[in-house]
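Contents: one structure, followed by commentary.
The values are calculated or read from the model by the stated rules, or taken from the named source; none is laboratory data. This structure is a prediction, so every number in the text was calculated from the model and none was measured. Backbone-built Cβ (ideal geometry, glycine too); neighbour counts: all protein chains shown. Only protein heavy atoms, including side chains, enter the accessible area calculation; ligands, DNA and RNA are left aside. Shrake-Rupley method; radii C 1.70, N 1.55, O 1.52, S 1.80 Å.
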Amino acid sequence: MSWQPNPATYQEILRLLSQSQVGVNVIQKSLHQQLDALAKTQADFCLYLCEILVKGQSVDSDVRQVAGLDLKNVVHDRITQLHPDVVNYIKQAILPAVGDELRDIRSTAGTVIATVAGAVGFARWPELLTFLMGCLNSNKNFIEGAFNALLKLAENNPQSFDDASIGSPLNALIPKLIPFFSHEDPIFREYSITIAKQFLLLLPNALLVNFPAYINALLLPRAGAGASCAMDPSVDVRRRVLQSLTLMVVSKPDLLAPFYTQVIGYIALMLRDAEEDVAMEACEFIAALSEKPELCRQLIRPVLNQNPPSDFIPLILKHMEYSAIDVTLMNENDEHVQDRPTDLPPVINEGHLGGAAAGQHLDDEAGGDEEDEEDEEDDDDEAEEQGEAEWTLRKSAGAALDSLASAFGAELIPHVLPHLDAKLNSPEWPSREAAILALGAIAKSMDPAAPPAAGAAGAAGGLDAFLPQIVPWLVVMLDIYMDVCVVYIVPWLVVMLSDPKALIRSITCWTIGRYAGWIVSRLPQENHFQAVLGGVMQRILDSTKKVQAAACSTFSVLVEAAGVHAVPYLGPIIENLNLAQQRYQQRNLIRIYDALTAVVEVVGPAIRQPALEQALMTPLSARLSASKPDDRSVFPLMWAINSVAQAMGPDFAPWALPIIQHALGMVQNTLALKMVAKQAGAEIPDKDFIASPLDLVAGIVEALKEPCVPLLAQTNIMALLQEAVKDDIPPIRQSGFGLLGDLAQYCYDFMAPHIGGLFQAPWRVQQRTQKRGMMKIGWSKKHVCNNAVWALGHVALKARNQLAPAIPQIVEALLPIINVERKDGKVPRQYRPLLQNASITLGALAIGNAPEMGPSLTRFSRHWIGQLATLHDDPEKADAFRGLCALIRTHPAAIFPEVPFILAAISTWAAPPEDLRADLNTILGGIKTQLGAQWPQFYGSLPQDVRDRLLKNFQYQ
């Protein structure tokens, strides 16, 4: 393609790019809008950007960079709309910029190259990798530019380098990279090691074939150059070597087997490195190695048992101390300092999910058939609790010690505690603080209730032998006096009795949270809980925000561990949290709401005492009434009120009406603002100002049930709900259908006249599902589908055969869900809650509409019945099976081929309701009669577990 820029257009775009750097938001916005308009209307706009980036040597480098970044954005967002000739021109024109005189331009060119390649693929740009690898034989600028582009390409899609359809270019790249490990330029050494590192998790054949050369180049001294890469004078090179070793441990540690001794010695050496970034990577290696406990013990045990003792553990403990800079930046007694907007965390409303999906907010990436991984408690992340976003050496060292504790169990204790004793007696408070952090980090090895690490040597009783000394000391760190402390007092206790350092008070809270299970397990024989709870509550009222945050988090952990043991302390707890509400800034106020939620969810109906309810609800309702229309901190408050309503149940009635009216007022106001904004082309209000209030109303309906109707009658809830279920934003529809489902359960007669308008939207949702393919839908729409299906099921239970005219349409909408694609006969994990709700809804529909469902029965019966077998015994399962019984009675011939699946599903019932048991027994008898002489052979063909359950639960054989 031959192209020449129009000078006037070139100058105009150059002017816009130059002025877009003006530091005035209004001007920037206007200029970017003009550039965006050009991108949409000027077919060769990208070519002007490319021209400025690549050939604009006379243009300011900042403007050239902006041109490149705008080019990258246009390619990323609109490559399918660009003419193929334009894309091909960019692919040819951008390559020379890899060797530009300016490093920033070389880097920007690499970004554009990676974006274009990510969009078109290497197969449609075959010359790219050949060109970049050829640049490695060129001058310094081209080498660095090529490395920059190769790294970005490898970071984005390492698999594509090993694509056999394009000749597996990695086979040529790896041998080119390894010699650069010993290049005189440290930048090239770092680039080459980092690029190779991108392939370590994949371990393609190209890397395995060259692995001896690769690992030798990393670890062995360079010929004629002295030090190896591992001992490189460049900090960045040493970091990349450590990262590479960590990835090898993660992907295939056996590759390192010949070098195990050398590697562990190297890690121990790097723990001593004066550069914090290097020591941090050594800690990361230890944490990764600990994920393979047997190998970890094999390699680390000799280090721990060295004579004289090594400094392995002391170095990790030393790295857990706050740095001087951290201490300088720490604020104390800052509770009166207003939070900055940047201090406030994002408030994420996961939304109300009904039925089988309740509480299951699964990750978009979740898939396959793996079991859910064990959730990590928030209290395990001391950094997160204390508002420290940056990953530091202190946190990395703490994570390494935590991981070692998991791998070694009680065997680690004697290697750690002697060093802690010295640090706890240190006159330097950072050492004492780090020791307390370490006590929390090794909690896993010290917990007597935890199973011993397989293969780990035991230490009698684990931490159980040490905790009576540790827990009272931790209590003292919280400024609590306990007579029992005298029994266990140690020399440093006097110094620590009333520690003035906020950081020590903060970390002590966190460490107590790590031992919450042990503290509660000693109830009622040893009541450490009362003293610890009191101390943590005092720290909730601390004058330092950091301590407040840590105390709130630990309080929640303690209460959740205590369960009903917390009930006697509800009065002081609520009084304490109310005082905190009056003192806290917005960030920590969210933590107070979380703490209140933890309390009411743990104690449940025990909160139903007039004095407690009054004390709990008065400040919450007042704060909600006083909230500003644009205050996002109101969402956690609403979630807390929702939890309180669930616990209070019918006792919530006196507070319900004003809260419902306030919530629906927010919905109405936001819907109006949304309409105005859309008409003006302006930014629409946050969806949560509709979704969260709807979720709150749903929670109140669930708490009050039918007595809620007179309150709802005083509002315009049904008109607002009709708007919500038709909204163009999925989370709003999700919350709308969630509320609809609760109304159908508890206030059906009130909402029945509006069903026609409310249930126009679900069919559109489901029809979009069918057209696009179930497996393609984003999670937000899955949640909408889930709640729509769940709500429909509750409507079906009440409406019965009033839905008969719509049954063909309803079943048609449910078919793509119930028949979702299976892998090896199993449903991907993220679809299970939706399928469970769909199976329950089909059963609910069948109760009153079995005749109408007959024509579609064979299209869903097998998958539906198979899904029924996965349900837990509860009222919703009972309703689904009542629908199954109705369909069997009405269409026996159509459903008879599914008898093996019917029997498997029935066998899962341990204790069905009596009316359902009678129906199931009738069906079981009918099947046996129908099969007649064939019964023994048929019965013998059933899986043994099905026969065992039928015999046990129904005496059926």
*Calculate, in nm to one decimal, what residue 19 and residue 104 gain on full extension: separation in residues at 0.36 nm each, minus their alpha carbon distance.*
28.6 nm
*So how far apart, in nm, are the two label points at residue 251 and residue 336 if each is 7 Å from Cα heading toward Cβ?*
5.7
*Give me the distance in nm between label points sitting 7 Å out from Cα along the Cα-to-Cβ direction at residue 957 and residue 326, one decimal.*
6.6
*Rounded accessible area of residue 639 (nearest 10 Å², 1.4 Å probe)*: 80
_Which of 251, 168 is most accessible, then next, and so on - probe 1.4 Å_ = 251, 168
*What FRET efficiency would be calculated for the residue pair residue 81, residue 58, taking the C-beta separation as r and a Förster radius of 45 Å, to the nearest 0.05?*
0.90
*Express in Å², to the nearest 10, the accessible area of residue 623 obtained by rolling a 1.4 Å probe over the protein heavy atoms while all chains stay in place.*
80
*asked:* As I understand it, the dipole of segment 645-741 uses +1 on the Cβ of Lys and Arg and -1 on the Cβ of Asp and Glu, about the Cα centre. Which of 659, 676, 729 lies farthest toward its positive end?
replied: 676
_So if each residue of separation counts as 0.36 nm, and I subtract the Cα-Cα distance between residue 227 and residue 579, what length gain in nm does that give?_
120.5 nm
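Just tell me, in residue order, which DSSP H segments of the chain are both 30 angstrom or longer along the helix axis (alpha-carbon based) and at least -1.0 in mean Kyte-Doolittle hydropathy.
Within the chain the helices that satisfy the rule are 653-680.
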*residue 292: which lysines have alpha carbons under 21 Å from its alpha carbon, excluding same-chain residues fewer than 8 sequence positions away?*
197, 252, 395, 444
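Provide 80, 922 ordered by accessible surface of protein heavy atoms (probe 1.4 Å), highest first. Don't jump to the answer; show the numbers that get you there.
Working: 80 130, 922 100 Å².
Output order, biggest surface exposure first: 80, 922.
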_Rounded to whole Hz, the Karplus (6.51, -1.76, 1.60) HN-Hα couplings of segment 331-337, x for glycine and proline_ = 9, 10, 6, 10, 5, 8, 7
*residue 42's amide H: which non-local residues (gap 5+, or another chain) put their own amide H closer than 5 Å, with H modeled 1.01 Å from N in plane and none for Pro or chain starts?*
none
_For Cα pairs less than 8 Å apart in space and 6+ apart in sequence, what is the mean separation divided by the residue count of segment 521-656, i.e. the relative contact order in percent?_
23
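Compute the relative contact order of the chain as a whole-number percentage, counting only Cα pairs closer than 8 Å that sit 6 or more residues apart in sequence.
Contact order relative to length: 7 percent.
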*Among 908, 938, 191, pick out the residue whose Cα is farthest towards the positive end of the charge dipole of the chain, where Lys and Arg carry +1 and Asp and Glu carry -1 on C-beta, about the Cα centre.*
938
*Rounded to the nearest 500 deg cm²/dmol, what is the calculated helix-only ellipticity per residue at 222 nm for the chain, with -39500 (n - 2.57) per DSSP H run of length n ≥ 4?*
-20000 deg cm²/dmol
*Using a basic spin-label model with each label point 7 Å from the Cα along Cα→Cβ, how many nm lie between residue 422 and residue 889?*
8.1
*Placed amide H near residue 353: partners under 5 Å, 5+ positions off or other chain*: 359
*Residue separation times 0.36 nm, minus the C-alpha to C-alpha distance between residue 921 and residue 945: what's the value?*
6.8 nm
